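Novice: Below are the structure tokens for one structure; questions will follow.
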Amino acid sequence: MPTTTSAVRELPHPAREEIRLEAVLHALADPMRLWAVRNLSAFGEGEGQGATCSQVDMPVSPSTSTHHFRVLREAGVINQCYRGTAKINCLRRADLDALFPGL
């Protein structure tokens with residue numbers, strides 16, 4: 001009987017202890033990324049929450065939007081996961097609050 005495998009697409013994220021303030025501040029220094037974070041805050045955090053990239057309607061090209069979300073993910077500001085073919089974004093508010101209270 002042949003075995004089946006399902007490819008789970010996972011994106012690299014820094015662990016909580018790997019998130020650095022310099023990276024977070026760099027990510028938030030760009031007006032478009034800060035705008036995206038403000039808009040993502042309305043979509044909630046955690047399982048079943050978040051928004052697709054297209055739901056966070058940024059006034060830039062899709063490739064530029066992808067770049068901004070990647071920078072936010074690599075800095076530890078957002079979590080991205082695939083739900084089917086959609087990439088879901090949500091803030092890592094609990095991690096950021098634990099590391100940098102008041103940020």
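Novice: Going through the range 6-58 one residue at a time, which ones are polar (S, T, N, Q) and either farther than 19 Å from Leu99 by Cα or in contact with a Phe, Trp or Tyr (Cβ under 6 Å, 6 or more places away or on another chain) (or both)?
Specialist: Ser6, Asn39, Gln49, Thr52, Ser54, Gln55
Novice: Kindly state which helices (runs of 4 or more DSSP H) lie completely within the chain and contain at least 2 residues that are free of Cβ contacts under 8 Å to residues at least 24 places away in the same chain.
Specialist: 21-29, 31-40, 62-75
Novice: Can you tell me which residue among Ala75, Ala98, Ala27, Ala7 is at pLDDT 90 or above, out of contact with any strand residue (DSSP E or B) (no Cβ under 8 Å at 6 or more places or on another chain) and open to solvent by 30 Å² or more (accessible area, probe 1.4 Å)?
Specialist: Unique residue meeting the criteria: Ala98.
Novice: When the range 45-65 is examined, which residues are found to be under 12 Å from the mean Cα position of the chain (by Cα) and not polar (S, T, N, Q)?
Specialist: Glu45, Gly46, Gly50, Ala51, Cys53, Val56, listed by residue number.
Novice: Would you mind stating whether Arg16 is out of contact with any helix residue (DSSP H, G or I) (no Cβ under 9 Å at 6 or more places or on another chain) and open to solvent by 60 Å² or more (accessible area, probe 1.4 Å)?
Specialist: It is false that Arg16 is out of contact with any helix residue (DSSP H, G or I) (no Cβ under 9 Å at 6 or more places or on another chain) and open to solvent by 60 Å² or more (accessible area, probe 1.4 Å).
The values are calculated or read from the model by the stated rules, or taken from the named source; none is laboratory data. On a predicted model such as this, the values are computed, not experimentally measured, just so you know. Neighbour counts are summed over all protein chains in view; Cβ atoms, including those assigned to glycine, are modelled from backbone coordinates with ideal geometry. Side chains included, ligands, DNA and RNA excluded: accessible areas come from the protein's heavy atoms. Shrake-Rupley method; radii C 1.70, N 1.55, O 1.52, S 1.80 Å.
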